[in-house]
Ligand code: GFB
């Protein structure tokens, strides 16, 4: 990927796309193309084709997607499968049609079976039933992987895919209802500290285990793979994670400490736990030459500081 190459970052306002844009810019890539969803509705095939025909990007990072936490996934299953199938089919299809040299598709660790052996290796895909709370989203992401690999086989394209573990960092969604657990906890503990609430109510049992990766580490991994590997060498897709996990209760204790909240933690068993564990096996990526740099405590501290600096908790719950 030459420094002057024309690179389209789809989803540049989201958690992942913004981090990829920051990483590319910090490495001196100066010819980036971006569009907000208002400027370009990726669910429209005609609009996507027109955009690719006019701009002719050489490289594409496909980080645009309908995403959300466990409750958003179970409340809006149709949006999660329909929007994602449309976005990825349109962008991947246009990338092939208009001769994109290389594309990076962003998947998710929820593509794996609910009870996959741990840590989860890439080859466990489609070896068992999915977790019901995010099955529609997972099916869309699996279709995206298969679309990339089918195009690679039939048309000789070079479309890579990564499966990140649970991500967090700047530009995340901090809404307490629709967000993922880490930003939700930062908001809940911060609000309770400021308003002097004696307890914070979290969802489920607190026993599920999750692995968390700072989005800047993911961005470095995707740019690294695009620079140094072909889909043929990297494989159909590559897990990206830290190789370490913790329980939701342990995460809550860490966030509580970072925020400086002194009340108690209570769990609401009426809310879903989701999959019991999803720890990724990251040996394939390590063999390709990449390792994460940001530890969880450091990453949570940085994300809390970012949220404070950007007034996230003053903006109401729609952030
Ligand atoms: O991050 P999260 O929403 O999604 O929830 P998943 C992780 C765990 O944290 C679950 C618990 O066991 C939740 O019950 N949890 C506790 C909370 N308190 C809260 C809270 O206040 N908010 C939230 N959101 N969770 C998602 C998938 O699964 O993982 C997506 O739904 C995507 O499709 C993403 O794949 C990476 O880790 O369960």
Once the mean of 1/r over all distinct C-alpha pairs in segment 19-83 is inverted, the Kirkwood radius in Å reads 14.1 Å
Beta bridges per DSSP with both ends in the chain, % antiparallel, nearest 5: 5 percent
So which residue, out of 264, 205, 178, gets the largest mean-square fluctuation from a GNM of the chain using Cα contacts under 10 Å as springs? 264
Quarter of the Cα convex hull surface for segment 61-153, i.e. its orientation-mean projected area (nm²): 6.2 nm²
So how much slack lies between residue 288 and residue 54, counting 0.36 nm per residue of separation and subtracting their Cα-Cα distance, in nm? 80.7 nm
In segment 195-219, which residues have a backbone nitrogen under 13 Å from the label point lying 7 Å from residue 262's Cα in the Cα-to-Cβ direction? 196-198
For segment 180-319: relative contact order, % (alpha-carbon pairs under 8 angstrom, 6 or more apart): 38 percent
Shape call for segment 227-319 from the C-alpha gyration tensor, a ≥ b ≥ c root eigenvalues: rounded (a/c under 1.5), prolate (a/b greater than b/c) or oblate? prolate
Evaluated at q = 0.24 Å⁻¹: base-10 log I(q)/I(0), Debye formula over Cα of segment 188-237: -0.95
Helix axis angle, 296-309 relative to the chain longest principal axis, alpha carbon, degrees: 90 degrees
What is the Cα coordinate range of segment 261-300 on the first, second and third principal axes, sorted by size from largest, in whole angstrom? 42, 26, 8
Cα gyration tensor of segment 157-305 diagonalised, 5x eigenvalues square-rooted, in angstrom largest first, produces semi-axes 32, 16, 12
Would you calculate the separation in nanometres between label points at residue 201 and residue 301, each defined as 7 Å from the Cα along the Cα-to-beta-carbon direction? 3.3 nm
Mean projected area in nm² (Cα convex hull; one quarter of hull surface) for the chain: 15.3 nm²
Helical contribution to [θ] at 222 nm, DSSP H n ≥ 4, -39,500 (n - 2.57), averaged over the chain, rounded to 500: -13500 deg cm²/dmol
Mind checking the angle between helix 181-195 and the chain's longest principal axis? C-alpha axes, 0 to 90 degrees, to the nearest 10. 40 degrees
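Bear in mind these aren't lab numbers, they're just calculated from the coordinates by the rules spelled out. Remember, it's a predicted structure, so these values are computed and weren't measured experimentally. When we count neighbours, we look across all protein chains shown, and the Cβ atoms used for this are built from the backbone with ideal geometry, even at glycine.
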